[in-house]
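Trainee: My questions will all concern the structure given below.
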Amino acid sequence: MITCTARHFSGRDEAIAEIKQSGLHLAETELTPDELTGEAHDHPYGVEIYLLEGVLVLDDPATGKSHKLEAGSKAVVPADARHTETCSGPVRAVFGLTIDPAQLMAARTAEVSS
(Lines give C-alpha, C1' and ligand atoms only; values in the text may rest on other atoms or scores of the structure.)
Protein backbone atom coordinates (compact mmCIF):
# COMPACT_ATOMS: atom_id res chain seq x y z
CA MET A 1 0.00 0.00 0.00
CA ILE A 2 1.26 3.47 -0.92
CA THR A 3 1.59 5.96 1.92
CA CYS A 4 1.96 9.73 1.62
CA THR A 5 2.83 12.42 4.11
CA ALA A 6 2.27 16.11 3.34
CA ARG A 7 4.79 18.64 4.66
CA HIS A 8 7.22 15.85 5.56
CA PHE A 9 10.40 17.79 4.80
CA SER A 10 11.43 21.37 4.20
CA GLY A 11 14.04 21.17 1.44
CA ARG A 12 16.32 19.15 -0.79
CA ASP A 13 19.15 18.83 1.75
CA GLU A 14 16.79 17.47 4.41
CA ALA A 15 15.31 14.94 1.95
CA ILE A 16 18.76 13.75 0.85
CA ALA A 17 19.91 13.40 4.47
CA GLU A 18 16.85 11.25 5.26
CA ILE A 19 17.44 9.07 2.20
CA LYS A 20 21.08 8.52 3.15
CA GLN A 21 20.18 7.83 6.78
CA SER A 22 17.68 5.19 5.59
CA GLY A 23 20.43 3.42 3.63
CA LEU A 24 18.60 3.94 0.33
CA HIS A 25 20.17 4.80 -3.03
CA LEU A 26 19.73 8.40 -4.12
CA ALA A 27 18.37 9.50 -7.49
CA GLU A 28 17.19 12.94 -8.58
CA THR A 29 15.07 13.85 -11.57
CA GLU A 30 12.89 16.41 -13.27
CA LEU A 31 9.85 15.08 -15.13
CA THR A 32 7.31 16.56 -17.52
CA PRO A 33 3.77 15.32 -18.16
CA ASP A 34 4.74 13.59 -21.43
CA GLU A 35 7.36 11.50 -19.59
CA LEU A 36 4.72 9.91 -17.35
CA THR A 37 2.42 7.56 -19.24
CA GLY A 38 -0.24 7.34 -16.54
CA GLU A 39 -0.32 3.57 -17.10
CA ALA A 40 -0.55 1.30 -14.08
CA HIS A 41 2.76 -0.41 -13.37
CA ASP A 42 4.88 -1.84 -10.60
CA HIS A 43 8.55 -2.53 -10.06
CA PRO A 44 10.48 -5.06 -7.98
CA TYR A 45 12.10 -2.37 -5.82
CA GLY A 46 10.78 0.13 -3.31
CA VAL A 47 10.80 3.89 -3.87
CA GLU A 48 10.52 6.84 -1.53
CA ILE A 49 9.59 10.02 -3.39
CA TYR A 50 10.45 13.44 -1.95
CA LEU A 51 8.72 16.06 -4.10
CA LEU A 52 10.72 19.27 -4.38
CA GLU A 53 8.64 21.21 -6.94
CA GLY A 54 5.38 20.79 -8.81
CA VAL A 55 2.42 18.49 -8.22
CA LEU A 56 2.53 14.71 -8.71
CA VAL A 57 -0.52 12.47 -8.48
CA LEU A 58 -0.06 8.84 -7.45
CA ASP A 59 -3.03 6.53 -7.86
CA ASP A 60 -3.17 3.25 -5.94
CA PRO A 61 -5.49 0.80 -7.79
CA ALA A 62 -5.35 -1.65 -4.85
CA THR A 63 -7.06 0.83 -2.50
CA GLY A 64 -8.68 3.18 -5.01
CA LYS A 65 -6.89 6.09 -3.33
CA SER A 66 -5.41 9.02 -5.19
CA HIS A 67 -2.52 10.86 -3.54
CA LYS A 68 -1.68 14.43 -4.52
CA LEU A 69 1.92 15.27 -3.67
CA GLU A 70 3.06 18.86 -3.47
CA ALA A 71 6.44 20.33 -2.55
CA GLY A 72 7.53 18.90 0.80
CA SER A 73 5.48 15.72 0.44
CA LYS A 74 6.92 12.23 0.80
CA ALA A 75 5.42 9.09 -0.71
CA VAL A 76 6.48 5.51 -0.04
CA VAL A 77 5.78 3.05 -2.86
CA PRO A 78 6.67 -0.48 -1.74
CA ALA A 79 8.16 -3.03 -4.14
CA ASP A 80 5.51 -4.64 -6.37
CA ALA A 81 2.86 -2.02 -5.46
CA ARG A 82 0.81 -1.32 -8.60
CA HIS A 83 0.39 2.43 -9.18
CA THR A 84 0.10 5.23 -11.72
CA GLU A 85 1.92 8.56 -11.78
CA THR A 86 0.73 11.72 -13.52
CA CYS A 87 1.50 15.43 -13.43
CA SER A 88 0.02 18.42 -15.23
CA GLY A 89 3.28 20.38 -15.23
CA PRO A 90 6.96 19.81 -14.56
CA VAL A 91 7.97 18.18 -11.28
CA ARG A 92 11.32 17.85 -9.56
CA ALA A 93 12.02 15.19 -6.94
CA VAL A 94 14.65 13.19 -5.15
CA PHE A 95 14.12 9.47 -4.73
CA GLY A 96 15.34 6.88 -2.28
CA LEU A 97 15.53 3.52 -4.04
CA THR A 98 16.09 0.05 -2.61
CA ILE A 99 18.12 -0.73 -5.76
CA ASP A 100 21.16 1.07 -7.17
CA PRO A 101 19.93 3.42 -9.96
CA ALA A 102 22.92 2.32 -12.08
CA GLN A 103 21.33 -1.15 -12.29
CA LEU A 104 18.11 0.40 -13.59
CA MET A 105 19.94 2.41 -16.23
CA ALA A 106 21.90 -0.68 -17.36
CA ALA A 107 18.66 -2.66 -17.66
CA ARG A 108 17.00 0.12 -19.69
CA THR A 109 20.03 0.39 -21.98
CA ALA A 110 19.95 -3.37 -22.58
CA GLU A 111 16.19 -3.17 -23.24
CA VAL A 112 16.63 -0.44 -25.85
CA SER A 113 19.52 -2.31 -27.52
CA SER A 114 17.44 -5.49 -27.98
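Trainee: From the residues in region 76-96 that are in a loop (DSSP other than H, G, I, E, B) and touching a residue at least 40 places away in the same chain (Cβ under 8 Å), which one is farthest from Gly38 (Cα to Cα)? Show your work before the answer.
Mentor: Start the filter on region 76-96 by keeping residues that are in a loop (DSSP other than H, G, I, E, B), which leaves 78-82, 87-90.
Now drop any that are not touching a residue at least 40 places away in the same chain (Cβ under 8 Å), which leaves 78, 81-82, 87-90.
Numbers: Pro78: 18, Ala81: 15, Arg82: 12, Cys87: 9, Ser88: 11, Gly89: 14, Pro90: 15 Å.
If we take residues in region 76-96 being in a loop (DSSP other than H, G, I, E, B) and touching a residue at least 40 places away in the same chain (Cβ under 8 Å), then Pro78 is farthest from Gly38 (Cα to Cα).
Trainee: Taking Thr63 as the residue in question, decide whether it is touching a residue at least 40 places away in the same chain (Cβ under 8 Å), outside any strand (DSSP E or B) and under 20 Å from Ala6 (Cα atoms). It would help to see each step written out before you state the result.
Mentor: Numbers: touching a residue at least 40 places away in the same chain (Cβ under 8 Å): yes; outside any strand (DSSP E or B): yes; under 20 Å from Ala6 (Cα atoms): yes.
In short, yes.
Trainee: In region 16-41, what count of residues is obtained for those that are part of a loop (DSSP other than H, G, I, E, B), surrounded by 13 or more Cβ atoms within 10 Å (Cβ to Cβ) and modelled with pLDDT of 95 or more?
Mentor: Of the residues in region 16-41, 1 are part of a loop (DSSP other than H, G, I, E, B), surrounded by 13 or more Cβ atoms within 10 Å (Cβ to Cβ) and modelled with pLDDT of 95 or more.
Trainee: Just the residues that are more than 19 Å from Thr5 (Cβ to Cβ) and modelled with pLDDT of 95 or more, please, taken from region 90-109.
Mentor: Taking region 90-109 first, the residues more than 19 Å from Thr5 (Cβ to Cβ) are 90, 99-109.
Within region 90-109, just Pro90 meets the criteria.
Trainee: Let me ask something additional. Could you say whether any residue in region 3-17 is under 16 Å from Asp80 (Cβ atoms) and touching a residue at least 12 places away in the same chain (Cβ under 8 Å)? Write out each step before concluding.
Mentor: Going residue by residue through region 3-17, those that are under 16 Å from Asp80 (Cβ atoms) are 3.
From what's left, touching a residue at least 12 places away in the same chain (Cβ under 8 Å): 3.
Within region 3-17 (the criterion being under 16 Å from Asp80 (Cβ atoms) and touching a residue at least 12 places away in the same chain (Cβ under 8 Å)), the answer is yes, since at least one residue qualifies.
Trainee: Would you please name the residue that is farthest from Glu70 (Cα to Cα), looking only at residues in region 82-97 that are aliphatic (A, V, I, L, M) and out of contact with any helix residue (DSSP H, G or I) (no Cβ under 7 Å at 6 or more places or on another chain)?
Mentor: So, considering only residues that are aliphatic (A, V, I, L, M) and out of contact with any helix residue (DSSP H, G or I) (no Cβ under 7 Å at 6 or more places or on another chain), the one farthest from Glu70 (Cα to Cα) is Leu97.
The values are calculated or read from the model by the stated rules, or taken from the named source; none is laboratory data. Here the structure is a predicted model, which is why all the values come from computation and not from measurement. Because the Cβ atoms are built from the backbone with ideal geometry, glycine has one as well, and the counts that use them run over all protein chains shown.
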